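I have placed the structure first, in the form of structure tokens, so that the comments after it can refer back to it.
The values are calculated or read from the model by the stated rules, or taken from the named source; none is laboratory data. Computed from a predicted structure; not experimentally measured. Note that each Cβ is placed from the backbone with ideal geometry, even for glycine, and that neighbours are counted across all protein chains shown.
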Amino acid sequence: MTAPVVHVVVNPASGGGRGGRAASGVLAALAEEGLEREVHRTEGPGDAVGIATTLARSAATRILVVGGDGTVHEVANGLLSASNERPPPAVAVYPVGTGNDFARTARSSRDPREAALTAGFGAVECFDAGVVRWSGGRRFFVNLLGFGVDVAVLQRRARFSAMGGLAQYLAAFLSAVARYRAPQARIDLGGEELSGPVTISAFTCGRSIGGGFMINPEAEPADGLLDLCHVPALGLAQVLPLAARAVRGTHGKSKHVTMRRLERARIRACGDEPIWFEADGELLPEPARELSIRVAPGALRVLVRRGGGS
């Protein structure tokens, strides 16, 4: 049986330029395994959406993303937005970003040969995605839809670009939380309502955000549900210990934390200003006064190592 063509979507800018350097090793590994490959390099924000849309409408079956969560987010949006009768191509990830939270969920390897084997011969699993709609549009997310201090962290992250992974997010978090102004929101969970100022509200398909904060440690990427971690506005003396516990995933025991599993939710801004939201570490293009969220069960086809454990 002829091995399938692997379409390699490379973001050279991922991880401060590591994406471009990592691609050569991955391409060499694909060649060593006898896999034909076609390379698609992004040149700027949004390029991966267009590349993935084209691939979804072609005969492509397997994609290897060399990039971070932002690149995966773009590829997923291209695949899931494409109008096509056939199933979308399956996606593997070689993680070279800062957070790499989706790669953690997909059990992706940083070893080029393992990534090549997964892309060429890995098993396909169907992961859930989320869909968020607001007056200005629609977007898919594959790990996180959130608002609150996580948005403030994204807005400050560039100041700590010399750091990597969780350390970068921790530094940005400490900087953001010291100046944080909590947005006012009403969150309708269908029979339950959470209302008031918010420290963070994170709806996830996976377990971690921000490079390793285990925000929803019981989340399963293929259970047909989104997981919510909601924390109302708290003082700095309460937020910092909770953040430390979130790294270990033990924060859910706090009386201040609400954890839920759900299929859909609606969020409305209660204050004078609309709210900024982020999806998979990318800010939505505009703030919104209202948005709806739902799960798309099994929408994203993901390539995982055969026999790999979580």
All strands (runs of 3 or more DSSP E) inside segment 203-310 with 1 or more residues being under 21 Å from S175 (Cβ atoms): 226-232
Test: residue in segment 283-306 that is of a type in the set (G, A, S) and at pLDDT below 95: no
Among the candidates A176, A185, residue that is modelled with pLDDT of 95 or more, in the same structural domain as F277 (by TED's automatic domain parsing) and among the aliphatic types (A, V, I, L, M): A185
Members of segment 74-104 that are part of a helix (DSSP H, G or I) and buried (at least 24 other Cβ atoms within 10 Å of the Cβ): E74, V75, A76, N77, G78, L79, D101, F102, A103
Conditions (1) at negative phi; (2) in contact with a strand residue (DSSP E or B) (Cβ under 7 Å, 6 or more places away or on another chain): number failed by D280: (1)
Conditions (1) hydrophobic (A, V, I, L, M, F, W, C); (2) crowded, with 23+ Cβ neighbours inside 10 Å; (3) touching a Gly at 6+ places or on another chain (Cβ under 8 Å): number failed by V247: (2)
Filter result (part of a strand (DSSP E or B) and surrounded by fewer than 24 Cβ atoms within 10 Å (Cβ to Cβ)) within segment 131-158: V131, V132, R133, W134, G137, R138, R139, F140
Flag if Q168 is assigned by TED's automatic domain parsing to the domain that holds I200, at pLDDT below 80 and surrounded by 15 or more Cβ atoms within 10 Å (Cβ to Cβ): yes
Set A222, A233, A246, A265: member being touching a strand residue (DSSP E or B) at 6+ places or on another chain (Cβ under 6 Å) and within 19 Å of Q155 (Cβ to Cβ): A233
Test: F213 is in contact (Cβ under 8 Å) with a residue 24 or more places away in the chain, of a type in the set (F, W, Y), touching a Gly at 6+ places or on another chain (Cβ under 9 Å) and more than 24 Å from D188 (Cα to Cα): yes
Number of the condition not met by E125 [criteria: (1) crowded, with 24+ Cβ neighbours inside 10 Å; (2) in a strand (DSSP E or B)]: (1)
Filter result for the condition that a residue is polar (S, T, N, Q), surrounded by fewer than 24 Cβ atoms within 10 Å (Cβ to Cβ) and either over 20 Å from L145 (Cβ atoms) or in contact (Cβ under 8 Å) with a residue 40 or more places away in the chain (or both), over T71, T61: T61
Pick from segment 264-274, criterion touching a residue at least 40 places away in the same chain (Cβ under 8 Å) and more than 12 Å from L194 (Cβ to Cβ), ranking: nearest to the chain's Cα centre (by Cα): R264
Residue count, segment 7-49 (criterion: under 14 Å from P112 (Cα atoms), among the aliphatic types (A, V, I, L, M), more than 20 Å from the chain's Cα centre (by Cα) and not in a helix (DSSP H, G or I)): 1
